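Enquirer: Let me give you the structure first, and then I'll get to my questions.
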Amino acid sequence: MLNEPTCDLVFAEWLRISQEPQTDIPQKEIPIRQTEQFLLNGYAALDSWYFNDKNAVGGDKPRNWNRISDLMTYTKTQLADLAYPVESVSMYHAMAENRLDNLTGFIVGSMQPWVEVMALKHGAKQILTVEYNPLTIQQEYQDRLSSILPVEFVRNWQDYAGTFDFAASFSSIEHSGLGRYGDPMDPIGDLREMLKIKCMLKKGGLLFLGVPFGTDAIQFNAHRVYGSIRLAMMFYGFEWLATYSGEEEKAFDFTSARLHFKGVFGLTQYTMVLRKL
């Protein structure tokens with residue numbers, strides 16, 4: 001039987017890895033010594049798709065945080081268009097069926113506040129965004145929205161542990177540990193994020209999780225694609241409640257056939273709702 005890592009260990013290990021020396025630009029290949037760990041001992045496919053969002057001119061940067069009032073008037077489709085048209089609507093559908101009235105939550109990774117606005121629209125009381133970039137939030141919403149750098153969130157984790165009713169992340173966790181955004185190379189960076197989220201949620205707290213679904217793979221350094229093997233690892237400590245698409249308002253039956261229908265390196269982003277056990 002495996003021993004579950006304590007929250008102390010989860011955050012201590014994250015801090016240790018975050019302090020390791022980094023290359024000036026993101027690595028273009030998986031380090032040979034870590035290949036088997038990244039690729040699930042050969043059970044995940046590998047392809048190349050490279051980005052430098054650490055320091056390249058034109059790299060992805062935060063925007064629209066000073067326009068929350070405007071975004072609150074957007075339809076679900078308009079909000080989704082800020083990120084991934086159609087696919088991002090799945091987050092709206094998930095929150096509509098699992099409302100957040102008067103609840104407190106946190107968002108993991110957010111270049112634009114479309115997830116935050118969706119949460120506010122579905123009743124969220126307060127939201128903390130954990131983001132590598134400093135955010136300039138519209139003043140009128142600073143009593144409901146705030147942000148923190150990941151390293152500060154980790155250093156002060158005991159102040160937050162077990163305090164949140166919900167968490168949400170869309171197209172963020174799959175990047176963790178691949179170095180694209182200047183983060184440390186870590187074969188289980190995404191699994192560490194899930195453990196961190198689990199530590200921060202109250203028992204029974206909800207996680208709205210959107211990642212690329214398909215056959216297990218890494219398109220390095222762009223993202224991971226989650227198939228049946230990696231998903232089972234991600235779900236540790238959670239109960240899978242439902243899955244939502246951008247096309248359907250109600251949850252759908254997420255079968256193996258639907259997971260794999262696009263083949264290797266084909267992917268679709270849905271939103272899963274998980275509950276902390």
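Enquirer: Out of the residues in region 250-263 that are loosely packed, with under 15 Cβ neighbours inside 10 Å and either assigned to a helix (DSSP H, G or I) or in contact (Cβ under 8 Å) with a residue 60 or more places away in the chain (or both), which is farthest from the chain's Cα centre (by Cα)?
Expert: ALA257
Enquirer: Ok, one more. Of ASP53, ASP60, ASP47, which residue is part of a strand (DSSP E or B), of a type in the set (D, E, K, R) and closer than 20 Å to GLU174 by Cα?
Expert: ASP47
Enquirer: Ok, one more. Could you grab the pairs with beta carbons closer than 7 Å, sequence gap of 6+ or different chains, first residue in region 7-24 and in contact (Cβ under 8 Å) with a residue 40 or more places away in the chain, second one surrounded by 10 or more Cβ atoms within 10 Å (Cβ to Cβ) and in a loop (DSSP other than H, G, I, E, B)?
Expert: Taking only residues 6 or more apart or on different chains, the pairs are CYS7/ALA161; ILE17/PRO184; ILE17/ASP186; SER18/PRO184; GLU20/PRO184; GLN22/GLY182; GLN22/PRO184.
Enquirer: Give me the residue from region 99-115 that is farther than 18 Å from PHE153 by Cα and of a type outside the set (Val, Ile, Thr) and, out of that set, surrounded by the fewest Cβ atoms within 10 Å (Cβ to Cβ).
Expert: It comes out as ASP101.
Enquirer: Hey, among GLU247, GLU239, which residue is assigned to a loop (DSSP other than H, G, I, E, B) and either of a type in the set (Gly, Ala, Ser) or in contact (Cβ under 8 Å) with a residue 24 or more places away in the chain (or both)?
Expert: The unique qualifying residue is GLU247.
Enquirer: Test ALA80 against the criterion of being modelled with pLDDT of 95 or more and not in a loop (DSSP other than H, G, I, E, B), and give yes or no.
Expert: Taking the combined requirement at face value, the residue satisfies it.
Enquirer: Also, I was wondering about something else. Within region 63-77, take every residue that is without any contact (Cβ under 8 Å) to a residue 24 or more places away in the chain and part of a loop (DSSP other than H, G, I, E, B) and give me the one that is farthest from VAL273 (Cα to Cα).
Expert: In this case the residue turns out to be THR73.
Enquirer: If we scan region 129-136, do we find a residue that is touching a residue at least 12 places away in the same chain (Cβ under 8 Å), touching a strand residue (DSSP E or B) at 6+ places or on another chain (Cβ under 9 Å) and closer than 22 Å to ALA251 by Cα?
Expert: Taking every residue of region 129-136 in turn, none turns out to be touching a residue at least 12 places away in the same chain (Cβ under 8 Å), touching a strand residue (DSSP E or B) at 6+ places or on another chain (Cβ under 9 Å) and closer than 22 Å to ALA251 by Cα.
Enquirer: Restricting to region 202-257, what's the tally of residues that are of a type in the set (Ser, Thr, Tyr) and over 25 Å from ASN41 (Cβ atoms)?
Expert: Selection size over region 202-257: 4.
The values are calculated or read from the model by the stated rules, or taken from the named source; none is laboratory data. Keep in mind that what you see is a predicted model, and the values were worked out from it rather than measured. No Cβ is skipped: glycine too gets one built from the backbone with ideal geometry, and neighbour counts run over all protein chains shown.
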